[in-house]
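S.K.: Just passing along the structure, written as structure tokens.
The values are calculated or read from the model by the stated rules, or taken from the named source; none is laboratory data. The shown structure was predicted, so the numbers you read here are calculated from the model rather than taken from an experiment. Neighbour counts run over all protein chains shown; Cβ positions are idealised from the backbone, glycine included.
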Protein chains: 2
Amino acid sequence: MSHPPAKPTLRADAQQNVTKILDAAVACLSRNADASVSEIAKTAGVGRVTLYGHFPSRQALVDAALTRAIADGEHVLQALDLTGDPREALDALIKSSWLLVAQATAVLEAAQATLAPGRVQELHAGPAQRVDDLIRRGQADGAFRADLPANWLTSVLHHVIHGAAIDVAKGRLESTDAARFISQTILAAYSKAGA
Amino acid sequence: MSHPPAKPTLRADAQQNVTKILDAAVACLSRNADASVSEIAKTAGVGRVTLYGHFPSRQALVDAALTRAIADGEHVLQALDLTGDPREALDALIKSSWLLVAQATAVLEAAQATLAPGRVQELHAGPAQRVDDLIRRGQADGAFRADLPANWLTSVLHHVIHGAAIDVAKGRLESTDAARFISQTILAAYSKAGA
DNA sequence: CTCAACTCGAACAGCACTGTTCGGGTTATG
DNA sequence: CATAACCCGAACAGTGCTGTTCGAGTTGAG
């Protein structure tokens, strides 16, 4: 344990810079899909050369940023109990982590432009499956409508969350309202037609 | 009338090329927001120099493409009767023109990156107002829920349509299903909670 | 204190895109 | 058919980004 094998020398200072860079990368890429490396470095308060010292290419940086954004989202998802009423579970999911989901989705969109499509799918698979399972269970329980396919419902959820994030960024929506609006819209959209 | 003032010489051949270029520009820009001029020219089957002969800059081209995409959308909207039951009117609107709306929205998104924000707002205002009016009327009639603001409902509509277009483009959704899915989703999302 | 690890600005080559010019070829129109 | 309008490829300068090198300064760890 006290001997991390393949890392002969990594100063405490350096690793701290790496996280600063990743923070900046996630922030910039979720705002602007094709943010330049200079812009990310400046946002991180770091020289461009230093950045290239930690990530060999822009692709590698985007990959790392996406990995971290998705890991953050997955971490929040794992802390939630999704076993109760699908409606309540979905409501809790939205209210606790819509912002993280929106950020991860935005970075994912940025990554889609520059990363191999298989790699994107690979990283995104985990958390996406978790949400998909919840929706399918809701359909099987009769809590959600079954006249539309589950992957369409998940797609709607993603796009509504993404849209809300854009609206907040553009000042068209108060961030304090966002979670409530999303939840009420999605639950209505998922409810059975006859109900 | 037989003397168009400021256009001393415009050959019939040339104007035809202009429309080919605009077609290509709309197609390319709705697929990829930052498509190059070369790519658009090649898609139009036209030399890059010819393109610059008709549009002085990339900005002007994007502006013209957006103007035409929105004009197309507005043309379809004007042909619709939106005075009946708001639910049926919205359903008809989606089924007749969701693809055009999606295309216009995509081009608009591309334009947002390169055009002045005021100009975008200016072009988009017309058709957007028309949809907004329909939704507000539906709320006043009691056909649509009123516990969420109208501009949020319009935002949801746009983002769901946009998302459906992306899903179709990526092969995750059959284009024959799209209109029905959008309509059923939106109508449920707009319905009153207690109903 | 000392040294290696780290940081940083300046500057370079390579690349892609924009916008322009030149010269020769095509074609509609009168 | 003759001319003016138009089309087009090649090639140029200018710009911004990527990825790299160099040399000098700063700082953490032993």
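S.K.: Would you confirm whether or not the stretch A:118-126 contains a residue that is β-branched (Val, Ile, Thr) and either outside any loop (DSSP other than H, G, I, E, B) or within 14 Å of chain B (Cβ to nearest Cβ) (or both)? Before you say what the answer is, go through the steps one by one.
M.R.: Quick first cut of the stretch A:118-126, residues β-branched (Val, Ile, Thr) only: A:120.
Now drop any that are not either outside any loop (DSSP other than H, G, I, E, B) or within 14 Å of chain B (Cβ to nearest Cβ) (or both), which leaves A:120.
The answer is yes; a qualifying residue exists.
S.K.: On to the next question. Answer yes or no as to whether B:ALA35 is on the phi < 0 side of the Ramachandran plot, within 14 Å of chain A (Cβ to nearest Cβ), within 16 Å of DNA strand C (Cβ to nearest atom) and touching a helix residue (DSSP H, G or I) at 6+ places or on another chain (Cβ under 8 Å). Spell out how you get there, then give the answer.
M.R.: Numbers: on the phi < 0 side of the Ramachandran plot: yes; within 14 Å of chain A (Cβ to nearest Cβ): yes; within 16 Å of DNA strand C (Cβ to nearest atom): yes; touching a helix residue (DSSP H, G or I) at 6+ places or on another chain (Cβ under 8 Å): yes.
Here the answer is yes, as B:ALA35 does meet what is asked.
S.K.: Something else about it: How many residues does the stretch A:174-184 hold that are more than 17 Å from A:VAL131 (Cα to Cα) and in a helix (DSSP H, G or I)?
M.R.: Here is the first cut: in the stretch A:174-184, the residues more than 17 Å from A:VAL131 (Cα to Cα) are A:174-178, A:180-181, A:184.
Checking which are in a helix (DSSP H, G or I) leaves us with A:175-178, A:180-181, A:184.
Selection size over the stretch A:174-184: 7.
S.K.: Provide a single number: the residues in the stretch A:43-77 that are in contact (Cβ under 8 Å) with a residue 40 or more places away in the chain, within 27 Å of A:ASP141 (Cβ to Cβ) and not small (Gly, Ala, Ser). Show your work before the answer.
M.R.: Going through the stretch A:43-77, the residues in contact (Cβ under 8 Å) with a residue 40 or more places away in the chain turn out to be A:54, A:58-59, A:61-70, A:73-74, A:77.
Remaining after also requiring within 27 Å of A:ASP141 (Cβ to Cβ): A:73-74, A:77.
Still in the list and also not small (Gly, Ala, Ser): A:74, A:77.
Count: 2.
S.K.: Just to be sure before I move on: is A:ALA65 within 14 Å of chain B (Cβ to nearest Cβ), buried (at least 17 other Cβ atoms within 10 Å of the Cβ) and touching a helix residue (DSSP H, G or I) at 6+ places or on another chain (Cβ under 7 Å) in the structure I sent?
M.R.: Values: within 14 Å of chain B (Cβ to nearest Cβ): no; buried (at least 17 other Cβ atoms within 10 Å of the Cβ): yes; touching a helix residue (DSSP H, G or I) at 6+ places or on another chain (Cβ under 7 Å): yes.
No: the conditions fail for A:ALA65.
S.K.: Keeping to the stretch A:173-195, report how many residues are at the interface with another protein chain (Cβ under 7 Å from one of its Cβ atoms) and loosely packed, with under 14 Cβ neighbours inside 10 Å.
M.R.: Looking only at that region, the number is 1.
S.K.: Report, by residue number, each residue of the stretch B:133-151 that is loosely packed, with under 13 Cβ neighbours inside 10 Å and among the aliphatic types (A, V, I, L, M).
M.R.: B:ALA140 - this is the single residue of the stretch B:133-151 that is loosely packed, with under 13 Cβ neighbours inside 10 Å and among the aliphatic types (A, V, I, L, M).
S.K.: Scan the stretch A:163-172 residue by residue and report those that are crowded, with 20+ Cβ neighbours inside 10 Å and more than 7 Å from every other protein chain (Cβ to nearest Cβ). Before the answer, list the steps.
M.R.: Initial filter on the stretch A:163-172 (crowded, with 20+ Cβ neighbours inside 10 Å): A:163-165, A:167.
Residues satisfying the conditions are A:ALA164, A:ALA165.
S.K.: Identify, please: which residue in the stretch B:139-162 is free of Cβ contacts under 8 Å to residues at least 24 places away in the same chain and part of a helix (DSSP H, G or I) and is, among those, farthest from the other protein chains (Cβ to nearest Cβ)?
M.R.: B:ALA140
S.K.: Residue by residue through the stretch B:70-89, note down the ones that are of a type outside the set (A, V, I, L, M), surrounded by 13 or more Cβ atoms within 10 Å (Cβ to Cβ) and more than 9 Å from the chain's Cα centre (by Cα). Walk me through it before giving the result.
M.R.: First, the residues of the stretch B:70-89 that are of a type outside the set (A, V, I, L, M): B:72-75, B:78, B:81, B:83-88.
This time we only want the ones that are surrounded by 13 or more Cβ atoms within 10 Å (Cβ to Cβ), so: B:72-74, B:86-88.
Correct list: B:PRO86, B:ARG87, B:GLU88.
S.K.: Out of everything in the stretch B:48-62 that is among the polar types (S, T, N, Q) and within 8 Å of DNA strand C (Cβ to nearest atom), what residue ends up being farthest from the other protein chains (Cβ to nearest Cβ)?
M.R.: Just the residues of the stretch B:48-62 that are among the polar types (S, T, N, Q), to begin with: B:50, B:57, B:59.
Then drop every residue that is not within 8 Å of DNA strand C (Cβ to nearest atom), which leaves B:57, B:59.
Working: B:SER57: 20, B:GLN59: 18 Å.
Here the residue is B:SER57.
S.K.: Right, next: Just to be sure before I move on: is B:GLN121 modelled with pLDDT under 95 and at negative phi in the structure I sent? Walk me through how you get there before you give the answer.
M.R.: Details: modelled with pLDDT under 95: yes; at negative phi: yes.
In short, yes.
S.K.: Related question: So, in the stretch A:1-27, exactly how many residues are at pLDDT 85 or above and of a type in the set (Gly, Ala, Ser)? Full working, then the answer.
M.R.: Taking the stretch A:1-27 as the starting set, the residues that turn out to be at pLDDT 85 or above are A:15-27.
Now restrict to residues that are of a type in the set (Gly, Ala, Ser): A:24-25, A:27.
Number satisfying all stated conditions: 3.
S.K.: Filter the stretch A:41-69 down to residues that are of a type in the set (A, V, I, L, M) and closer than 19 Å to A:THR105 by Cβ and give me whichever is farthest from the chain's Cα centre (by Cα). Give the derivation first.
M.R.: Our first condition is that a residue be of a type in the set (A, V, I, L, M); within the stretch A:41-69, this holds for A:41, A:44, A:46, A:49, A:51, A:60-62, A:64-66, A:69.
If we keep only those that are closer than 19 Å to A:THR105 by Cβ too, we end up with A:61-62, A:64-66, A:69.
Details: A:LEU61: 16, A:VAL62: 13, A:ALA64: 13, A:ALA65: 11, A:LEU66: 8, A:ALA69: 6 Å.
Per the criteria, the residue is A:LEU61.
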